[in-house]
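Student: Questions regarding the structure given below will be posed in turn.
The values are calculated or read from the model by the stated rules, or taken from the named source; none is laboratory data. If you're wondering where the values come from, they're calculated on a predicted model, not measured in any experiment. Cβ sites come from the backbone with ideal geometry, for glycine too, and all protein chains shown count toward neighbours.
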Amino acid sequence: MYAVETKDLTKHFRIGLKRKVIALDHLNLKINEGEVYGLLGPNGSGKSTTLKLILGLHQPTEGEATVFGRSSETVVSRLHVGLLPENPYFYRYLNGEETLRFYGKLCRVTGPALERKIDEILELVGLSQSRHRRLAGYSKGMLQRIGLGQAMIHDPKLLLLDEPTAGVDPEGSIDIRNLIIKLKKMGKTVILCSHLLSQVQDVCDRISILRYGKKVLEGNVKELLSKKDQFQFIASGLSEQDKRAVEELISRSGKLESTSHPTSTLEDLYMESVGGTKII
């Protein structure tokens with residue numbers, strides 16, 4: 001059973017009486033439990049529509065989506081899902097602890113179990129020292145971290161993160177990246193939408209790139225970035241003379257440390273996939 005599976009998932013929106021916009025076009029995904037999966041694409045490519053269909057906020061025009069084997073159109077499919085939207089809204093007069101308590105009660109987590117969970121999450125997202133500060137005094141990075149906290153308050157198995165580092169400074173972005181890595185170690189499944197390709201490259205196991213609602217590329221990040229038509233050799237113990245005949249002398253007088261394919265970057269792969277121009 002997959003954490004999330006979509007079969008020919010399609011969504012059309014009507015504008016006026018005659019015009020129809022295809023937001024998502026027969027998308028097929030199989031996302032395994034415990035993996036971090038990246039959804040990439042330019043604005044309007046269908047990323048947010050995909051998340052809304054997985055959450056049951058939109059009904060598909062065609063196809064279906066399932067969450068842990070249950071149709072996304074059923075309420076029960078959302079019991080084990082946490083969401084951090086792109087632009088979360090919080091009550092700024094509440095402090096960090098009160099915010100998590102509010103969302104915990106919405107998710108029917110109460111009593112001592114909720115208080116333990118609040119302490120655990122504040123520690124996990126690095127806000128223990130700011131638990132009594134009102135959110136009006138939180139930085140953008142702190143707000144994103146409390147947003148991650150509310151998404152985890154009911155201990156979901158699946159987390160949907162839509163641009164979790166939007167507007168966050170580099171240090172805050174690194175903190176959130178490290179949090180996503182921690183979530184993976186905890187066995188959580190994470191679907192991540194992000195424009196920060198270096199972050200996606202660091203944390204995602206697999207990715208899909210969408211363009212105009214269609215999936216144009218999918219695969220393991222390391223395999224996609226590997227340049228299989230080229231090789232590189234890393235060796236030690238070679239003299240200057242040895243270097244002039246690398247392959248022969250490595251096997252004869254040197255130690256072969258490793259061999260691998262040189263890699264591209266996710267930025268280059270992304271721009272090639274969506275037909276953009278590489279920025280030099």
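Student: Taking the conditions exactly as written (modelled with pLDDT of 95 or more, more than 19 Å from ASP155 (Cα to Cα) and not aromatic (Phe, Trp, Tyr)), does ASN87 satisfy them or not?
Tutor: No: the conditions fail for ASN87.
Student: Go through LEU158, LEU143, LEU192, LEU196 for me and flag whichever is at pLDDT 90 or above, over 17 Å from GLU97 (Cα atoms) and surrounded by fewer than 23 Cβ atoms within 10 Å (Cβ to Cβ).
Tutor: Every option except LEU158 fails the conditions.
Student: Restricting to strands (runs of 3 or more DSSP E) lying wholly in region 1-97: which have 1 or more residues that are of a type in the set (Gly, Ala, Ser) and either in contact (Cβ under 8 Å) with a residue 60 or more places away in the chain or closer than 26 Å to LYS185 by Cβ (or both)?
Tutor: Fully inside region 1-97 and qualifying: 19-31, 36-40, 62-67, 81-84.
Student: Output yes when any residue across region 133-140 is of a type in the set (D, E, K, R), touching a Lys or Arg at 6+ places or on another chain (Cβ under 9 Å), part of a loop (DSSP other than H, G, I, E, B) and within 21 Å of TYR89 (Cα to Cα), and no when none is.
Tutor: No, region 133-140 contains no residue that is of a type in the set (D, E, K, R), touching a Lys or Arg at 6+ places or on another chain (Cβ under 9 Å), part of a loop (DSSP other than H, G, I, E, B) and within 21 Å of TYR89 (Cα to Cα).
Okay, residues lined up against (1) free of Cβ contacts under 8 Å to residues at least 24 places away in the same chain; (2) β-branched (Val, Ile, Thr); (3) over 30 Å from LEU79 (Cα atoms):
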site	(1), (2), (3)
PRO164	no, no, no
HIS195	no, no, no
ILE207	no, yes, no
SER226	no, no, yes
ALA245	yes, no, yes
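Student: In region 199-221, which residue that is charged (D, E, K, R), surrounded by fewer than 17 Cβ atoms within 10 Å (Cβ to Cβ) and in contact with an Asp or Glu (Cβ under 9 Å, 6 or more places away or on another chain) is nearest to THR6 (Cα to Cα)? I'd like the intermediate steps shown before the answer.
Tutor: Just the residues of region 199-221 that are charged (D, E, K, R), to begin with: 202, 205-206, 211, 214-215, 218.
With surrounded by fewer than 17 Cβ atoms within 10 Å (Cβ to Cβ) added as a condition, the list becomes 202, 205, 214, 218.
From what's left, in contact with an Asp or Glu (Cβ under 9 Å, 6 or more places away or on another chain): 205, 214.
Values: ASP205: 18, LYS214: 13 Å.
Result: LYS214.
Student: While we're on this one: With (1) exposed (fewer than 15 other Cβ atoms within 10 Å of the Cβ); (2) under 19 Å from ASP268 (Cα atoms); (3) of a type in the set (S, T, N, Q) as the list, and ASN178 as the residue in question, which single condition is left unmet?
Tutor: Only one criterion is unmet by ASN178, namely (2).
Student: Being farther than 20 Å from ILE180 by Cβ and touching a strand residue (DSSP E or B) at 6+ places or on another chain (Cβ under 7 Å) narrows it down to one of ARG92, ARG116, so name that one.
Tutor: Exactly one residue qualifies, and that residue is ARG92.
Student: I've got another one for you. I need a count of the residues in region 161-175 that are surrounded by 20 or more Cβ atoms within 10 Å (Cβ to Cβ), assigned to a loop (DSSP other than H, G, I, E, B) and among the aliphatic types (A, V, I, L, M).
Tutor: Within region 161-175, residues that are surrounded by 20 or more Cβ atoms within 10 Å (Cβ to Cβ), assigned to a loop (DSSP other than H, G, I, E, B) and among the aliphatic types (A, V, I, L, M) number 1.
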